[in-house]
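Heads up, the thing below is written out as structure tokens.
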Amino acid sequence: MANKKFQSKNNYFLSMQKETYEIAARLQIARIARGYRSRLSFVKQFNFKLGTYNSHEIGRHKIGANYISQYCIALNISITWLLLGRGNPIDYSPRKELEKGIEKHFEWLTYLSKTGKLLFS
């Protein structure tokens, strides 16, 4: 029984480690695709700490949410692509995503106001 628990924990650890390496690889791909040939040129441009960025890009440490959002903004890539590998990192435009979101919310508010379901009018 104890051996099964160990195997389960070990499998979980290996899975998390694999995920960290995959994110690190996508981070490197995005950096290079955006024209930053070296890690140093990238961190200097955006004032990141070189040691921290290096540990993230080589997969030594898991990337925290605050760094993920900063890297995505700096590289102009989607968080979904960085974390899950879905979509194309280069075709992403935060402005377009924001405009789509605003448009959807405006449509929803218009619908609610027309149906009389808007709480504040």
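The values are calculated or read from the model by the stated rules, or taken from the named source; none is laboratory data. Here the structure is a predicted model, which means the values were calculated and not measured. Every residue, glycine as well, gets a Cβ built from its backbone with ideal geometry; the counts of neighbours run over all protein chains shown.
Before moving on, here are some points about what is shown:
- Only residues that are within 15 Å of A24 (Cβ to Cβ) and outside any loop (DSSP other than H, G, I, E, B) were counted in the range 80-90, giving 4.
- Within the range 67-74, not a single residue is assigned to a loop (DSSP other than H, G, I, E, B), assigned by TED's automatic domain parsing to the domain that holds Q17 and at pLDDT 90 or above.
- Of residues in the range 46-74 being loosely packed, with under 12 Cβ neighbours inside 10 Å and of a type outside the set (D, E, K, R), the one nearest to Q28 (Cα to Cα): G51
- Residue match in the range 93-115 (condition: modelled with pLDDT under 70 and assigned to a loop (DSSP other than H, G, I, E, B)): yes
- Conditions (1) at pLDDT 95 or above; (2) closer than 18 Å to T20 by Cα: number failed by K49: (2)
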